[in-house]
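Take a look at the structure below.
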Amino acid sequence: MAKDKVKVGLLGFGTIGGGVAKVLLQNKDLIASRCSMPVELALVVDLAKEATVAKMESIGLPQNMYSSSVNDIIDNDDIDIMVELIGGVHPALEFITDALKKGKTVVTANKDLIASHGGELLQLASEHNTDLHFEASVAGGIPIIHTLKESLAANQIQEIMGILNGTTNYILTQMAEKGLDFSVCLQEAQKLGYAEANPTNDVEGFDAARKVAILASIAFNSRITDDQVYVEGITKISDRDIMYAKELGYVLKTVGIAKESESGIEARVHPMMIPTDHPLSSVNDVYNAVFVEGFPIGKTMFYGKGAGEFPTASAVVGDIIMATRDIHSNTRARIGCTCFEHKRIKPIGEAVCKYYIRLTVTDKPGVLAQITKILGEQEVSIATVLQACTFADGRAELVLVTHQVAEAHMRKAIDEIKALQCVSEIGNVIRVAGENDNLK
Ligand code: HSE
């Protein structure tokens with residue numbers, strides 16, 4: 001018998017869960033019209049009973065809609081859609097597996113889970129003629145997953161370059177604007193609630209790596225898991241690097257890159273100097289942006305808030321609406337897993353970039369010659385040299401920017417330069433966006 005409404009079970013009632021409930025209530029009539037039938041929030045499951053019930057009451061949801069057991073969603077044949085917002089791999093994986101096996105549509109914001117187990121869960125959804133939607137798992141409110149899967153489906157994607165982590169973007173923006181160092185800006189981000197008490201996932205790049213894995217898998221139709229993404233965080237970025245970046249005409253950002261060439265796929269997250277005329281350079285504070293290049297679209301950029309109650313709820317409820325429309329029109333399992341190829345993933349040594357090198361050396365004749373000799377032997381060509389400053393102890397800080405070169409050559413050169421007697425410290429080596437990074 002055709003359904004006259006769709007019922008939703010919400011698993012996890014934290015910030016995003018609360019936002020989803022509010023949007024479903026506030027935009028109820030609009031959503032019903034757009035879906036051609038009502039979408040009803042039927043059950044809220046969360047282990048924190050007191051806080052959940054209090055929050056439910058504050059937004060007008062009755063207490064009897066609360067349960068502490070996920071089985072009240074999974075085993076309830078009246079509930080069509082399970083929305084998973086508890087995060088983390090376990091037990092979300094087991095709960096979603098059970099729900100898909102029951103034929104429920106699952107909507108999730110869980111990037112950890114999709115980046116590590118997305119392939120098997122999508123496969124399971126297809127086997128049970130249902131769907132797994134995860135728009136909110138990448139860049140919160142920015143609609144990029146369905147855009148890649150549907151609106152840009154005509155395209156051969158060449159590259160995705162994104163600012164995918166609001167916390168690190170906030171920290172780097174503050175460092176650049178206020179001239180403060182990393183730890184002060186991190187503390188400020190924690191005070192404002194942008195960074196967690198344990199900031200590792202954000203500042204070491206793991207959060208962005210999960211998002212790159214998800215985007216790359218969709219863009220190149222080949223499964224890439226988060227552990228296959230090369231990752232470097234921002235903890236070694238100093239205020240001196242930010243200062244030199246400015247002087248050289250760049251802005252420092254943490255970028256996620258997914259790129260395809262004939263030799264395979266590159267998937268990486270690391271700090272990068274971006275020219276000030278690139279559209280990503282003006283993406284500041286907690287904002288995210290995803291820059292996509294493909295044929296026939298050319299270059300396009302998507303911008304917005306990558307986290308937070310309402311931006312993320314927008315993506316989750318969008319998925320609920322899509323699921324409801326498919327239930328209404330009996331068109332479930334329409335797309336499924338799009339990873340139908342097995343492409344090679346290139347090791348980081350094959351990535352080609354320009355590099356900024358900051359090093360402290362003895363300030364005497366012949367030092368630069370020793371360094372440039374090593375770079376030359378490794379086929380590293382120098383684009384710019386700054387003798388940035390001379391310290392009171394007679395040492396000097398040198399800043400070099402190279403032309404494009406394969407990372408393996410750069411690493412070998414750096415190891416040899418480090419071993420020179422006249423070099424007391426390699427302050428930092430940072431990739432610089434080059435000719436092959438879709439600059440204009
Ligand atoms: N912690 C993330 C960020 C948001 O700072 O962007 C959730 O992925």
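The values are calculated or read from the model by the stated rules, or taken from the named source; none is laboratory data. The model shown is predicted, which means the values in this text are computed figures rather than measured ones. Virtual Cβ from ideal backbone geometry, glycine too; neighbours counted across all protein chains shown. In case anyone asks, the SASA skips ligands and DNA or RNA and just uses the protein heavy atoms, side chains included. Shrake-Rupley method; radii C 1.70, N 1.55, O 1.52, S 1.80 Å.
In degrees, nearest 10, range 0 to 90: what is the angle between the Cα axis of helix 92-101 and the longest Cα principal axis of the chain?
40 degrees
At 25 °C and 0.890 mPa s, what whole-number value in µm²/s does Stokes-Einstein give for the translational diffusion of the chain, with Rh from the Kirkwood sum over Cα pairs?
Numbers: Rh = 23.4 Å.
Translational diffusion coefficient: 105 µm²/s.
What's the angle, to the nearest 10 degrees (0 to 90), between helix 166-178's Cα axis and the longest principal axis of the chain?
The helix 166-178 is inclined about 40 degrees to the chain.
Could you work out the helix-only [θ] at 222 nm for the chain, with each DSSP H run of four or more residues adding -39,500 (n - 2.57) and the total divided by the number of residues, to the nearest 500 deg cm²/dmol? Could you put the intermediate results ahead of the total?
On the way: 14 runs with 156 residues, N = 440.
For the chain, the value works out to -11000 deg cm²/dmol.
Leaving out ligands and nucleic acids, note down the accessible area per residue over region 1-132 with a 1.4 angstrom probe, in whole Å². Could the numbers behind the result be given before it?
Working: 5910 Å² over 132 residues.
On a per-residue basis, region 1-132 sits at 45 Å².
Running a GNM on the chain with Cα contacts under 10 Å, which residue among CYS422, CYS35, CYS185 ends up with the highest mean-square fluctuation?
Among CYS422, CYS35, CYS185, the largest GNM mean-square fluctuation belongs to CYS422.
Ignoring ligands, DNA and RNA, what percent of the accessible area of region 151-304 is carbon or sulfur (1.4 Å)? Walk me through the numbers before you get to the answer.
Numbers: 2940 of 5920 Å².
Carbon and sulfur atoms account for 50 percent of the accessible area of region 151-304.
Per the 1.4 Å probe, what fraction of the accessible area of region 349-437, in percent, lies on carbon and sulfur atoms?
Numbers: 2030 of 3980 Å².
Here it works out to 51 percent.
What is the distance in Å between the Cα centroid of region 198-266 and that of region 1-73?
Using only Cα atoms to place each centre, the spacing works out to 36 Å.
Rounded to the nearest 10 degrees, what's the angle between the helix 239-248 long axis and the longest principal axis of the chain, both from Cα atoms, 0 to 90?
80 degrees
Which residue fluctuates most in the GNM of the chain (Cα springs below 10 Å): ASP227, ASP80, ASP202?
Of the options given, ASP227 has the highest mean-square fluctuation.
Given H placed on each backbone N at 1.01 Å, which residues far from VAL255 in sequence or on other chains put an amide H within less than 5 Å of it?
Distant-sequence amide H within range of VAL255: HIS270, MET272.
Sequence gap at least 6, Cα distance under 8 Å: using those rules, report the relative contact order of the chain to the nearest whole percent.
Once divided by the residue count of the chain, the mean separation gives 16 percent.
Ignoring GluC sites (Glu not before Pro) that are buried or in helix or strand per DSSP, and keeping those with at most 11 other beta carbon atoms within 10 Å, what is the longest stretch of the chain between them? Could the numbers behind the result be given before it?
On the way: sites that count: GLU262, GLU435.
That gives 1-261 as the longest site-free run.
Using square roots of five times the C-alpha gyration tensor eigenvalues, list the equivalent-ellipsoid semi-axes of region 1-106 in whole Å, biggest first.
Numbers: eigenvalues 81, 70, 27 Å².
Each semi-axis is the square root of five times an eigenvalue, giving 20, 19, 12 Å.
Which net charge results when you count Lys and Arg as +1 and Asp and Glu as -1 among the other residues whose beta-carbon is under 13 Å from that of VAL367? Numbers along the way, then the final one.
Values: positive: LYS364, LYS373, ARG395; negative: ASP363, GLU397.
Around VAL367, the charge tally is +1.
More than 15 angstrom separation, counting every C-alpha pair in region 285-363; what % is that?
Details: 2478 of 3081 pairs.
Result: 80 percent of Cα pairs exceed 15 Å.
Can you tell which of LYS49, LYS253, LYS101 shows the greatest fluctuation in a Gaussian network model of the chain with Cα springs below 10 Å?
Taking springs between Cα atoms under 10 Å, the residue moving most is LYS49.
Rounded to the nearest Å, what's the spacing between the alpha carbon centres of region 101-160 and region 341-405? Just the number, please.
41 Å
Using the heavy atoms of the protein chains and a 1.4 angstrom probe, tell me the accessible area per residue for region 151-304 in square angstrom. Spell out each step's value before the answer.
Working: 5920 Å² over 154 residues.
On a per-residue basis, region 151-304 sits at 38 Å².
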